[in-house]
Amino acid sequence: MDAMIVLLPGDGIGPDVVASSKRVLDVIADNFGHRFSFNEQLIGGAAIDATGDSLPQSTIASCETCDAVLLGAVGGPKWSDPNAAVRPEQGLLKLRSVLGVYANIRPVRIHDQLAGASPIRKDILAGVDLVVVRELTGGIYFGEKTRDASSASDLCVYHVHEIERIVRVAAKLAAGRRKKLCSVDKANVLETSRLWRDVTDRLMAEEFPDIAVETLLVDAAAMHLLSRPSDFDVIVTENMFGDILTDEASMLAGSLGMLPSASLGDTLRGLYEPIHGSAPDIAGLGIANPCGTIASAAMLLRHSLGLEAEACAVESAISAAIASGARTADIVSDGESPISTTEMTDAIIRGLS
Ligand code: NAD
């Protein structure tokens, strides 16, 4: 197949982990007889430095016409003045909006050999394989905000169609997995959560009767994620709850550097990025873990290009590299020697041949 992929390296360790992922995609193209074209564009602080804009029009134009977008990370101390007129994160938020990607999908899969890198007990981590589906463009983060000298408010609004479309994404994912969906809300307190629960219950009964639905209040879900994480298959939740629960879930895998994400809308075109940021503390050292971004490239192959075997090949190669003892500094245990970003990428590519 022919595919056009926009690469947005961004800032900090972003360029390193995106370069690693491109190497992997090049090998996949060779091995499976595809032609992937890459179009590298600016976003974030790098774009501000070059153009004064965190998401230049040329980047938007490329992203609107490609098959998929692979992003590294944006931000860093150089652009972090809260009073600055232009900030790197604005470019990322605008990109999500331009692409209409309302569903953020974050799989959490544990490599047995990395159990020691997680703060959670090894027996609790056994068999963990879950996906969090977070609503990305609605809720309290996008509602009207007010502030005066004595008070402030953030309005939380959800519309039925926003709930329906995100629950459908999650249910379709569950249908291809263990057929279990856990919907997380705060229906004992919040009206938006009562709507969320009503819509979810109705839609699941009407459209996905063979999927088992569990409902949890968000406070209980935060506890169950750590006490029985292997029970979960697909978790669907609103924007703020998803933001918090996905960072908590990342600790199951031991390092932010391991986890991928996909942001999807109603078309096949998606935005793929690791869940970590630009890691300014290790930028330029060549030691960033590329696994989360390479796993994001695997999600790109699966969701935007429909290349399931190729996606599985990449995921298996990451597992094989880990199994062979390859470890970047963030996932080493006592007695293990860390390797560089390039060496980790080499180890993954060896698993593709
Ligand atoms: P961070 O994720 O960049 O780093 C947190 C810690 O994890 C750091 O110690 C870092 O070294 C480590 N880490 C992260 N990714 C790693 C990897 N691949 N390999 C090894 N270690 C890794 O979070 P932060 O420090 O809070 O934020 C730094 C900057 O990134 C900020 O400007 C923030 O706004 C931005 N940020 C961007 C995104 C994004 O682009 N989507 C997401 C989160 C944060």
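Every number in this text was worked out from the coordinates using simple rules, so none of it is lab data. Predicted model only: the values in this text are computed from it and were never measured. Cβ atoms come from the backbone with ideal geometry, glycine included; neighbour counts cover every protein chain shown.
Taking other C-beta atoms within 10 Å as the exposure proxy, Met4, Met223 rank Met223, Met4 from fewest upward. Of all aspartates and glutamates in the structure, the ones whose alpha carbon falls short of 13 Å from that of Lys94, not counting any fewer than 8 places away in one chain, are Asp53, Glu64. Ignoring aspartates and glutamates fewer than eight residues from Lys186 along the same chain, the ones with Cα atoms less than 19 angstrom from its Cα are Glu135, Asp154, Glu162, Glu164, Asp198, Asp201, Glu214, Asp219, Glu238, Asp243, Asp247, Glu248. Simple rule: put +1 on each Lys or Arg Cβ and -1 on each Asp or Glu Cβ in the stretch 28-135, find the dipole, and look at Leu99, Pro77, Gly116; the Cα lying farthest toward the positive end is Gly116. Taking a ≥ b ≥ c as the square roots of the eigenvalues of the alpha-carbon gyration tensor, the stretch 48-110 is classed oblate because a/c is 1.5 or more while a/b is no larger than b/c. In summary, the lysines within cross-link reach of Lys180, defined as a Cα separation below 19 angstrom excluding same-chain residues under 8 places away, comprise Lys172. Shape class for the stretch 1-154, computed from the alpha carbon gyration tensor (a ≥ b ≥ c): oblate, with a/c not under 1.5 and a/b at or below b/c. In whole angstrom, the chain maps to an equivalent ellipsoid with semi-axes of 30, 26, 21, each derived as √(5λ) from the alpha carbon gyration tensor and ordered largest first. The calculated pair-distance distribution of the stretch 172-276 uses every alpha carbon pair, bins of 5 angstrom beginning at 0, and gives 2, 10, 19, 22, 23, 16, 6, 1 percent.
The Cα atoms of the stretch 119-244 give a gyration tensor whose axes a ≥ b ≥ c have a/c of 1.5 or more with a/b no greater than b/c, which makes the shape oblate. Values of log10 I(q)/I(0) for the stretch 276-353 across q = 0.21, 0.23 Å⁻¹ run -0.94, -1.05, by the Debye formula with one identical scatterer at each alpha carbon and no solvent. The stretch 205-279 to the stretch 75-114: how many Å between their Cα centroids? What the calculation gives is 16 Å, centre to centre.
Histogrammed with a bin width of 5 Å, the alpha carbon distances of the stretch 197-353 distribute as 2, 8, 14, 17, 18, 18, 13, 6, 4, 2, 0 percent, first bin at zero.
For the chain, a simple Cβ point-charge model (Lys and Arg +1, Asp and Glu -1, everything else neutral) yields a dipole of about 300 debye relative to the Cα centre.
Equivalent ellipsoid of the stretch 97-157: semi-axes from √(5λ) of the C-alpha gyration tensor, largest first, are 37, 18, 8 Å.
Computed over the chain, the per-residue total of -39500 (n - 2.57) for DSSP H runs of n ≥ 4 gives a 222 nm mean residue ellipticity of -13000 deg cm²/dmol, rounded to 500.
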